[in-house]
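One structure is given here, and the rest of the page talks about it.
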Amino acid sequence: MSLLAVKDISKQYEKDKQVLSGVSFEVERGEFISIIGPSGAGKSTLLRCINRMVNISNGKIVFQDVDVMSLNKRGLRKHRTQIGMIFQHYNLVSRLTVIENVLHGRLGYKTTFQGVLSRFTEEEKADAFALLDKLGMKEHAYKRCDQLSGGQKQRVGIARALIQHPQILLCDEPIASLDPNASKVIMDYLQRISKEMNITCIVNLHQVDVAKRYSDRIIGLNSGQVVYNGTPDRLTSNV
Ligand code: ADP
Ligand code: ADP
């Protein structure tokens, strides 16, 4: 049994415009997978289908034996705690501190931000500090997020995604706004987290060289279809 199975899914936002068509693949626990493909290929949509921020039009997504489309509101909430999300533009709350942003990952997105810290137990706070420590950000815990560099912001984004102790991290172009040095730092952290915490990473990337260096497996997407699914060494330049 694989952790996640995407079975022949398709997605249309608008009539007659197929954004994903016949996409199928399976993902095992702890795997590090990159999804590569040009802008508009459907990478972002695919990740949003997996955590059901977007509903698929056809096909099936099965996560840990559960059909994701069959989930009710409560089931969906649980599903999303098992799937952390990381974004290109970090999506932090800039006027909150680092530690507040990390803890905010426990609340979901529809809550108010007042008195965030006081809502959590000492144990929950200790967990957040431990994650910041793992990402080399503990010393910045009380800085406001708008005082951080892009690379630092993304490390906070990773800690926030990890606070629910998810099975999968979905990373949507996590290094697209970063310079090469900061990109390497972020990719190294993602790889380490995947190995040490046995977390599956699915990372959208447009840099093929980065995908080749870090991934167990690469899935190539073009015009909403899978054009490659295999190890990095067999990937040819025409994908
Ligand atoms: P990628 O991440 O590979 O750049 P996306 O999934 O963002 O691809 O986009 C794939 C296609 O779907 C594009 O043509 C884009 O314009 C379209 N698209 C994405 N989101 C929406 C939306 N919410 N409504 C309508 N079209 C969308
Ligand atoms: P680092 O110091 O980690 O390399 P930078 O702060 O230099 O990161 O940011 C890298 C790139 O991301 C720069 O081009 C910068 O303009 C851009 N960037 C940084 N923060 C943001 C943000 N909040 N929104 C959009 N782009 C940003």
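The values are calculated or read from the model by the stated rules, or taken from the named source; none is laboratory data. Computed from a predicted model, the values in this text were never measured in an experiment. Using ideal geometry, Cβ is built from the backbone for each residue, glycine included, and neighbour counts are taken over all protein chains shown.
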Cross-chain or 6+ apart pairs with Cβ under 7 Å, the range 178-193 first and among the hydroxyl-bearing types (Ser, Thr, Tyr), then within 16 Å of ligand 1 (Cβ to nearest atom) and not in a helix (DSSP H, G or I): SER183/ILE175
Residue in the range 204-214 that is within 16 Å of ligand 2 (Cβ to nearest atom), modelled with pLDDT under 95 and within 30 Å of SER94 (Cβ to Cβ) present: yes
Test result for ASP8, at pLDDT below 95 and not β-branched (Val, Ile, Thr): no
Selection status of LYS11, more than 23 Å from SER215 (Cα to Cα), buried (at least 21 other Cβ atoms within 10 Å of the Cβ), basic (Lys, Arg) and within 9 Å of ligand 1 (Cβ to nearest atom): yes
Matching residues, the range 148-175, being more than 11 Å from ligand 2 (Cβ to nearest atom) and among the polar types (S, T, N, Q): GLN164, GLN167
Residue within the range 7-23 that is among the aliphatic types (A, V, I, L, M) and in a loop (DSSP other than H, G, I, E, B) present: no
Members of the range 173-197 found to be among the aliphatic types (A, V, I, L, M) and assigned to a helix (DSSP H, G or I), listed by number: ALA182, VAL185, ILE186, MET187, LEU190, ILE193, MET197
Condition check for ARG160: away from ligand 1 (no atom under 16 Å from the Cβ) and farther than 14 Å from PHE32 by Cβ: yes
Test: residue in the range 47-56 that is touching a residue at least 60 places away in the same chain (Cβ under 8 Å), crowded, with 18+ Cβ neighbours inside 10 Å and under 26 Å from ASP233 (Cα atoms): yes
Residue that is farthest from ligand 2 (Cβ to nearest atom) [pool: residues in the range 28-54 that are within 21 Å of GLN207 (Cα to Cα) and β-branched (Val, Ile, Thr)]: ILE33
